[in-house]
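Reading through the structure tokens given below for one structure.
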Amino acid sequence: MAHILLLVACLLAGWALSASGRVGEQAHQPINAVIIHVSLPAVTLRALHAFEFDRDHLLPVLMPWALFALGALLFWVLGRALALTRAQMGALTLVGGLGNTSFVGLPMIEALQGRDGLGLGLLIDQLGSYLALSTLGVGAAALYAAGPRVSGREMARRVLTFPPVIALMVALALRPLPLAQPLESALARIGDTLAPLALLSVGMQLRLGAVREHARALALGLSYKLVLAPALVVGLLWLLDAAPDMTSRVSVIEAAMPPMIGAGIVAAQANLAPRLVSMMVGVGIPLGLLTSTGWHWLFGCLAG
């Protein structure tokens, strides 16, 4: 409960700072830079260095790819039926198809399942959500927006130079060696900044003025991301009679995550309905804190 209260408090603090005018409109960007270059690599290195890999983790890692592909098809079909613009369909494909499995997902996993679930959460985020964004997501942005195409070499460069991916490779390389206790303690203290900084950043980006302008697209995107996608994962696990173990529970939490901030950045850079992107992230994340908790509870009831 304390972790949930921390997330809500940081979210509200960020919103209050932005609404009061005490910080600029882009004040969240330096915070995001600290998260990506410092906090998230520290969590990645510490959690994955001692994480025990298992073949059962393959399906959770593939889950974000499958949900992105299904969302891309759904938004293209329903977007045409609802007469959405090409930019709106592209924005929904990115921010509606990919979940915030790091900035929000990792704090939620820690709050609902404890630190033991962070290793799998990081695998789902980096080998699932982030790789899907860096490949299929970048391709979708190029497809829906006018501009030069991104080459395969450029995609590979972006992936391999992403700080948490570098931390992932370092963690794997150092697995045969134990981490010195002072280093592990330092990484833990640095990693503890991830949750408050991430939610503070999200709160600063809350913008409620464009709801009416993009009401249909917003409803479509959030309905898929917060309702249909996790329902499909919970339903599949129930049909497979999956045990309510750490792997299943973390998979449900990550499937229920609200729109990804990184995907929103890619969509905004491609000029894909930036106000819709801001609303998807700003409205979706507070709602996602509630709905993901609900899906976690529902799966526990069904599988327990």
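The values are calculated or read from the model by the stated rules, or taken from the named source; none is laboratory data. Please read these numbers as outputs of a predicted model, since none were measured by experiment. Glycine also receives a Cβ, built like all others from the backbone with ideal geometry; neighbour counts cover every protein chain displayed.
Structure summary
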item: Residue match in the range 200-218 (condition: modelled with pLDDT of 75 or more, buried (at least 21 other Cβ atoms within 10 Å of the Cβ) and in contact with a Cys (Cβ under 7 Å, 6 or more places away or on another chain)); result: yes
item: The range 24-40 - residue that is part of a helix (DSSP H, G or I) and either in contact with a Phe, Trp or Tyr (Cβ under 9 Å, 6 or more places away or on another chain) or among the polar types (S, T, N, Q) (or both) and, of those, farthest from ARG189 (Cα to Cα); result: GLN29
item: Failed criterion for ARG275 (all others in (1) more than 22 Å from ALA16 (Cα to Cα); (2) more than 15 Å from the chain's Cα centre (by Cα); (3) surrounded by fewer than 18 Cβ atoms within 10 Å (Cβ to Cβ); (4) of a type outside the set (S, T, N, Q) hold); result: (1)
item: Residue in the range 226-234 that is in contact (Cβ under 8 Å) with a residue 60 or more places away in the chain, within 28 Å of LEU143 (Cα to Cα) and not hydrophobic (A, V, I, L, M, F, W, C) present; result: yes
item: Qualifying positions in the range 1-31 - under 30 Å from VAL170 (Cα atoms) and in contact with a Gly (Cβ under 9 Å, 6 or more places away or on another chain); result: HIS28, ILE31
item: Selection within the range 85-108 - polar (S, T, N, Q) and not in a helix (DSSP H, G or I); result: THR85, ASN100, THR101, SER102
item: So VAL77, is it at pLDDT 90 or above and buried (at least 22 other Cβ atoms within 10 Å of the Cβ); result: no
item: Flag if HIS57 is at pLDDT below 85 and either surrounded by 12 or more Cβ atoms within 10 Å (Cβ to Cβ) or on the phi < 0 side of the Ramachandran plot (or both); result: yes
item: Qualifying residue in the range 281-299 (condition: in a helix (DSSP H, G or I), in contact with a Gly (Cβ under 8 Å, 6 or more places away or on another chain), under 19 Å from PRO107 (Cβ atoms) and hydroxyl-bearing (Ser, Thr, Tyr)); result: no
item: Residue count for the range 278-304, restricted to those that are in contact (Cβ under 8 Å) with a residue 24 or more places away in the chain and aromatic (Phe, Trp, Tyr); result: 2
item: The range 83-109 - residue that is in contact (Cβ under 8 Å) with a residue 60 or more places away in the chain and surrounded by fewer than 22 Cβ atoms within 10 Å (Cβ to Cβ) and, of those, farthest from the chain's Cα centre (by Cα); result: THR85
item: Pairs where the first residue, in the range 37-48, is closer than 17 Å to ALA180 by Cβ and the second is in a helix (DSSP H, G or I) and among the β-branched types (Val, Ile, Thr), C-beta under 8 Å, 6+ apart; result: ALA42/ILE190; LEU45/VAL170
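Matching residues to (1) of a type outside the set (Phe, Trp, Tyr); (2) surrounded by 24 or more Cβ atoms within 10 Å (Cβ to Cβ); (3) touching a Leu at 6+ places or on another chain (Cβ under 8 Å):
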site	(1), (2), (3)
PRO196	yes, no, yes
GLY221	yes, yes, yes
LEU236	yes, no, no
VAL250	yes, yes, yes
